[in-house]
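Enquirer: Attaching a single structure in structure tokens format; questions to follow.
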Ligand code: COA
């Protein structure tokens with residue numbers, strides 16, 4: 001597997017990006033403002049993440065996703081670790097990530113990769129998404145914010 005930056009003019013893998021965020025508009029905005037990285041196996045894009053500069057020396061890891069048929073094989077963890085390394089190499093001091101209160105697997109993954117919970121944006125998903133979201137039998141209401149010093 002190779003992880004590389006999406007080339008200028010290269011088509012972004014929307015099928016993957018929309019797995020992490022159902023809003024096409026939000027994904028397009030992230031692509032404009034951030035840097036997109038992809039994981040490839042034999043020339044096929046199977047993973048993606050975007051690094052989005054937010055504040056001075058701080059970057060947010062958004063839209064991380066792995067092709068559904070390849071979940072649970074350690075690729076997500078490799079992508080998170082690659083994002084941390086890339087952010088550090090670019091001179092950032094902090095990397096942040098946010099996920100839903102119902103995203104149990106993602107919360108496990110991010111903490112295994114060194115992120116600590118720093119806050120909760122109460123009712124974020126109620127305010128910003130038109131449809132109710134349920135995962136793991138839990139309503140997704142709040143955004144759990146996590147961060148890591150680099
Ligand atoms: N409890 C405990 N640990 C869990 C868990 C759970 N319920 N679910 C996952 N994990 C752990 C795994 O055990 C693994 O840790 P390990 O290597 O120590 O065993 C780690 O989390 C991640 O596993 P990995 O195989 O690397 O993840 P993945 O390749 O399936 O990718 C996502 C993870 C989130 C990128 C993938 O599920 C995905 O694309 N989801 C849809 C998009 C999405 O939700 N993006 C995130 C938006 S915030």
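Enquirer: Considering only the stretch 87-131, state which residues are within 22 Å of residue 68 (Cβ to Cβ) and away from the ligand (no atom under 14 Å from the Cβ).
Expert: If the condition is that a residue be within 22 Å of residue 68 (Cβ to Cβ) and away from the ligand (no atom under 14 Å from the Cβ), then 131 is the only one that fits.
Enquirer: Which of the residues spanning the stretch 18-35 are over 19 Å from residue 77 (Cβ atoms) and either under 13 Å from the mean Cα position of the chain (by Cα) or at pLDDT below 95 (or both)?
Expert: Keep residues of the stretch 18-35 that are over 19 Å from residue 77 (Cβ atoms), which gives 18, 21-35.
18, 21, 22, 23, 24, 25, 26, 27, 30, 31, 34, 35 - these are the residues of the stretch 18-35 that are over 19 Å from residue 77 (Cβ atoms) and either under 13 Å from the mean Cα position of the chain (by Cα) or at pLDDT below 95 (or both).
Listed here are the residues, each with its yes/no results for (1) within 15 Å of the ligand (Cβ to nearest atom); (2) surrounded by 22 or more Cβ atoms within 10 Å (Cβ to Cβ); (3) within 19 Å of residue 149 (Cα to Cα); (4) without any contact (Cβ under 8 Å) to a residue 40 or more places away in the chain.
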residue	(1), (2), (3), (4)
28	no, no, no, yes
31	no, no, no, yes
39	yes, yes, no, no
53	no, no, yes, yes
59	no, yes, yes, yes
67	yes, no, no, no
74	yes, no, no, yes
78	yes, no, yes, no
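Enquirer: Checking residue 10 against (1) more than 14 Å from the ligand (Cβ to nearest atom); (2) under 13 Å from the mean Cα position of the chain (by Cα), which single condition isn't satisfied?
Expert: (2)
Enquirer: Determine, yes or no, whether residue 12 is over 21 Å from residue 140 (Cβ atoms) and in contact (Cβ under 8 Å) with a residue 40 or more places away in the chain.
Expert: Values: over 21 Å from residue 140 (Cβ atoms): yes; in contact (Cβ under 8 Å) with a residue 40 or more places away in the chain: no.
Considered against the rule, which asks whether it is over 21 Å from residue 140 (Cβ atoms) and in contact (Cβ under 8 Å) with a residue 40 or more places away in the chain, residue 12 comes out as no.
Enquirer: Just name the residue that is nearest to residue 3 (Cα to Cα) out of those in the stretch 89-104 that are loosely packed, with under 15 Cβ neighbours inside 10 Å and in contact (Cβ under 8 Å) with a residue 12 or more places away in the chain. Break it down stepwise before answering.
Expert: Narrowing the stretch 89-104 to residues loosely packed, with under 15 Cβ neighbours inside 10 Å: 89-91, 93, 104.
Those still in the list that are in contact (Cβ under 8 Å) with a residue 12 or more places away in the chain too: 90-91, 93, 104.
Details: 90: 16, 91: 19, 93: 22, 104: 25 Å.
So the residue we want is 90.
The values are calculated or read from the model by the stated rules, or taken from the named source; none is laboratory data. Given the structure is predicted, the values throughout are model-derived calculations rather than measurements. Because the Cβ atoms are built from the backbone with ideal geometry, glycine has one as well, and the counts that use them run over all protein chains shown.
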